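**Q** If you scroll down you'll find the structure; I have some questions about it.
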Amino acid sequence: MGQSSSSHSPSPAGSTHHHQRSITRSSSSSSARSEIIGFRYSKEEGCFDFPDATSSFIDYTSEIPDDCLAVVFQFLGAGDRKRCSLVSRRWLLVEGQSRHRLAIDANSGFVPFIPSIFSRFDSVTKLSLRCDRRSVSIDDNGLIMISLRCLNLTRLKLRGCREITYVGMAALAKNCKGLKKFSCGSCMFGAIGMNALLDNCSSLEELSVKRLRGINDGVTAEPIGPGAAAKSLKTVCLKELYNGQFFGPLISGAKNLKTLKLLRCLGDWDSLMEMIAVPENSLVEVHLERLQVSDIGLSALSNCSKLEILHIVKTPDCTNVGVISIASHCKYLRKLHIDGWKTNRIGNEALIAIAKNSANLQELVLIGVNPSSISLEAIATNCQKLERLALCGSETIADTEISCIASKCVALKKLCIKGCPVSDEGIEAFAWGCPNLVKIKVKKCRNVTYEVGDWLRARRGSLVVNLDVCAVEAEAMDASASDNGVQEDMEITHVAVAQPHPLATSNSVRGSIFKTRFGFFGARGIVTSTFRRFSNGNTNTSSNGCS
């Protein structure tokens, strides 16, 4: 035992000769701590054969405490954690008890496995239940079973769980009163289920609702109030709702609400803005996207004196008047995104008002807005803290305006120019201007060439220059395509639209009706939040948006 040996044993009669090798290693420590590892290698089979039970093995991980092993698992991805759980019963137990986040395909076939799954993963605090629209989701009984086994749940996301009604939501709210974040999409539990959640979850901080059905059921219709979450609720996001105005009491009753996002919701929202935008509210961030809101709503929103972040995206009824009211009263504005949808209803007057009143402005995104050199010079001169600027789809921003930005915006760090009549001459101005500039992105500007990018990099070595000229060249190639190619593309598109999918259900039909009712609010824009990727540095230089 104390020395290593190698021997070739003769093969039994009548059998083929196998070249076998046995290697034994031992340590110099006491026999109780000795380690003996043996294996045999077969050339013909090409694999290692582990020895029988006569050899002993030491599992060094057995000396690692469960808490330390759980910390190690937290640094692994989902796939590696699954593989680690197959190592031993102990690793299986520790991995299950240390998993706090779980995402499950919540179809009806999942219900019988709920007890066993949540017996293993008994420490889940963040749960996501998703169901495909062509499948039948879990029902109230399944949700109740989950809520009884996840009493410490803090985050819950429901997607496509159409079989869950207000009964299941009421049980969930009573069993999981520690919920802090709740998000639902394409669900059917309506206003009753939503009120049951808000009446019991006094710690709820974030609420996101998308395409919720059953809000207005005729006689049973009821407004949605803040309930027990009136003091804790800080963020509300409503997306693609038919009757989003029923959330009015919730929004106005949340005394500490900081963030409000209203995206692609039908109906008139001016009256709701007048109801919720009172001087004593705490709103800091507001997003209005493809919403039927006018200058009346913006004027009411100007009462939110603490407002710092405002997104006005594709709201055709908003004009200079509403933006001027916002700029005049919201002195703490730091981030402003305006997508004018090329309606020319928001222009120089609004931008000059922003320049005069928004001295703290750090980020400005203008999409489909046509400012002049006068308004841009006012912003560049007065907004000395401006660090991020995006100019997209403007017909009036040319070399003169870009040169003004280069000479005036001293604090500018990131600049995005997309679809503007800018040439190499305007880009060359950044060789000397904007001393703090870190990154510049130019996309779909036909008069800008690659040569100016190389020249600018040579002049300012630390500056990240991204010129996406390929997009313009690709469009030119598409325009010069043969007639046959165009006909083929048109024919394929026609077939895809004309033939419905054989597995389409009533839900998909309702979805198509929902999109139709949106009218011009239904189509998504190409850029809704330009700096979402632009602020991430140089991580994705080939994205379609301004990054």
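The values are calculated or read from the model by the stated rules, or taken from the named source; none is laboratory data. Quick caveat: nothing in here was measured; it's all calculated off a predicted structure. Cβ coordinates were reconstructed from backbone atoms using ideal geometry, including for glycine residues, and neighbour counts include every protein chain displayed. In case anyone asks, the SASA skips ligands and DNA or RNA and just uses the protein heavy atoms, side chains included. Shrake-Rupley method; radii C 1.70, N 1.55, O 1.52, S 1.80 Å.
**Q** Exactly one of these conditions fails for Arg134: (1) part of a loop (DSSP other than H, G, I, E, B); (2) within 27 Å of Phe247 (Cα to Cα). Give me its number.
**A** It fails just one condition, (2).
**Q** Residue pairs, Cβ under 7 Å, 6 or more apart or interchain, first in region 224-246 and free of Cβ contacts under 8 Å to residues at least 60 places away in the same chain and closer than 20 Å to Arg159 by Cβ, second assigned to a helix (DSSP H, G or I) and among the β-branched types (Val, Ile, Thr). List them.
**A** From region 224-246, the pairs are Val236/Ile251.
**Q** Run Val486 past the list (1) of a type outside the set (Asp, Glu); (2) modelled with pLDDT of 50 or more; (3) open to solvent by less than 80 Å² (accessible area, probe 1.4 Å) and report the number of the one that doesn't hold.
**A** For Val486, the failing item is (2).
**Q** Let me ask something additional. Is at least one residue of region 412-421 under 28 Å from Leu263 (Cα atoms) and either modelled with pLDDT under 95 or in a loop (DSSP other than H, G, I, E, B) (or both)?
**A** yes
**Q** Condition first: open to solvent by less than 10 Å² (accessible area, probe 1.4 Å) and aliphatic (A, V, I, L, M). Now tell me which residues in region 326-352 satisfy that.
**A** Ile326, Ala327, Leu333, Leu336, Ile338, Ala350, Leu351
**Q** I would also like to ask the following. Test each condition in (1) of a type in the set (Val, Ile, Thr); (2) within 24 Å of Asn243 (Cα to Cα); (3) open to solvent by 10 Å² or more (accessible area, probe 1.4 Å); (4) out of contact with any helix residue (DSSP H, G or I) (no Cβ under 9 Å at 6 or more places or on another chain) for Ile296 and report the one that comes out false.
**A** Going through (1) of a type in the set (Val, Ile, Thr); (2) within 24 Å of Asn243 (Cα to Cα); (3) open to solvent by 10 Å² or more (accessible area, probe 1.4 Å); (4) out of contact with any helix residue (DSSP H, G or I) (no Cβ under 9 Å at 6 or more places or on another chain) one by one, Ile296 breaks only (4).
**Q** Can I ask one more? Which numbered condition in (1) crowded, with 19+ Cβ neighbours inside 10 Å; (2) of a type outside the set (D, E, K, R); (3) closer than 22 Å to Leu129 by Cα is the only one that Cys265 fails?
**A** Here Cys265 clears every test but (3).
**Q** Please work out which residue is farthest from Cys237 (Cα to Cα), limiting yourself to region 163-177 and to residues that are small (Gly, Ala, Ser) and either open to solvent by less than 10 Å² (accessible area, probe 1.4 Å) or modelled with pLDDT under 95 (or both). Reasoning before the result, please.
**A** Of the residues in region 163-177, the ones small (Gly, Ala, Ser) are 168, 170-171, 173.
Cutting the leftovers down to either open to solvent by less than 10 Å² (accessible area, probe 1.4 Å) or modelled with pLDDT under 95 (or both) gives us 168, 173.
Working: Gly168: 22, Ala173: 20 Å.
So the residue we want is Gly168.
**Q** Further, regarding this structure: Could you figure out which of (1) part of a strand (DSSP E or B); (2) over 22 Å from Gly214 (Cβ atoms); (3) open to solvent by less than 30 Å² (accessible area, probe 1.4 Å) isn't true of Leu156?
**A** (2)
**Q** Quick one: Arg213 ticks every box in (1) within 23 Å of Thr315 (Cα to Cα); (2) modelled with pLDDT under 95; (3) surrounded by 17 or more Cβ atoms within 10 Å (Cβ to Cβ) except a single one, so which number is it?
**A** Unmet condition: (1).
**Q** Is it fair to say Gly368 is on the phi > 0 side of the Ramachandran plot and open to solvent by less than 40 Å² (accessible area, probe 1.4 Å)?
**A** The answer is yes for Gly368.
**Q** For region 387-405, enumerate the residues that are of a type in the set (D, E, K, R), in a loop (DSSP other than H, G, I, E, B) and in contact with a strand residue (DSSP E or B) (Cβ under 9 Å, 6 or more places away or on another chain).
**A** Once the filter is applied, which keeps residues that are of a type in the set (D, E, K, R), in a loop (DSSP other than H, G, I, E, B) and in contact with a strand residue (DSSP E or B) (Cβ under 9 Å, 6 or more places away or on another chain), region 387-405 yields only Glu387.
**Q** If you don't mind, there's one more thing I want to ask. Among the numbered conditions (1) modelled with pLDDT of 95 or more; (2) within 24 Å of Arg460 (Cα to Cα); (3) part of a loop (DSSP other than H, G, I, E, B), tell me where Gly433 comes up short.
**A** (1)
**Q** While we're on this one: Every residue in region 416-435 that is among the aliphatic types (A, V, I, L, M) and within 23 Å of Gln384 (Cα to Cα), please.
**A** Ile417, Ile427, Ala429, Ala431
**Q** Within region 386-396, does at least one residue satisfy the condition of being under 21 Å from Ser294 (Cα atoms), open to solvent by 30 Å² or more (accessible area, probe 1.4 Å) and modelled with pLDDT of 95 or more?
**A** There is no residue in region 386-396 that is under 21 Å from Ser294 (Cα atoms), open to solvent by 30 Å² or more (accessible area, probe 1.4 Å) and modelled with pLDDT of 95 or more.
**Q** Can you find a residue that is under 26 Å from the mean Cα position of the chain (by Cα), at pLDDT 95 or above, part of a helix (DSSP H, G or I) and buried (at least 18 other Cβ atoms within 10 Å of the Cβ) anywhere in region 179-191?
**A** Checked against the condition, which is being under 26 Å from the mean Cα position of the chain (by Cα), at pLDDT 95 or above, part of a helix (DSSP H, G or I) and buried (at least 18 other Cβ atoms within 10 Å of the Cβ), region 179-191 yields no hits at all.
**Q** Another question, if that's okay. Determine which single condition Val124 fails, assuming it passes every other condition in (1) part of a strand (DSSP E or B); (2) in contact with a Leu (Cβ under 6 Å, 6 or more places away or on another chain).
**A** Every condition holds for Val124 apart from (1).
**Q** If a residue has to be open to solvent by 20 Å² or more (accessible area, probe 1.4 Å) and within 23 Å of Gln362 (Cα to Cα) to count, how many in region 420-457 make the cut?
**A** Total meeting the criteria: 5.
**Q** Sticking with this structure for a sec: Exactly one condition in (1) crowded, with 20+ Cβ neighbours inside 10 Å; (2) in contact with a strand residue (DSSP E or B) (Cβ under 6 Å, 6 or more places away or on another chain) is not met by Asn281; state its number.
**A** Asn281 satisfies all of (1) crowded, with 20+ Cβ neighbours inside 10 Å; (2) in contact with a strand residue (DSSP E or B) (Cβ under 6 Å, 6 or more places away or on another chain) except (2).
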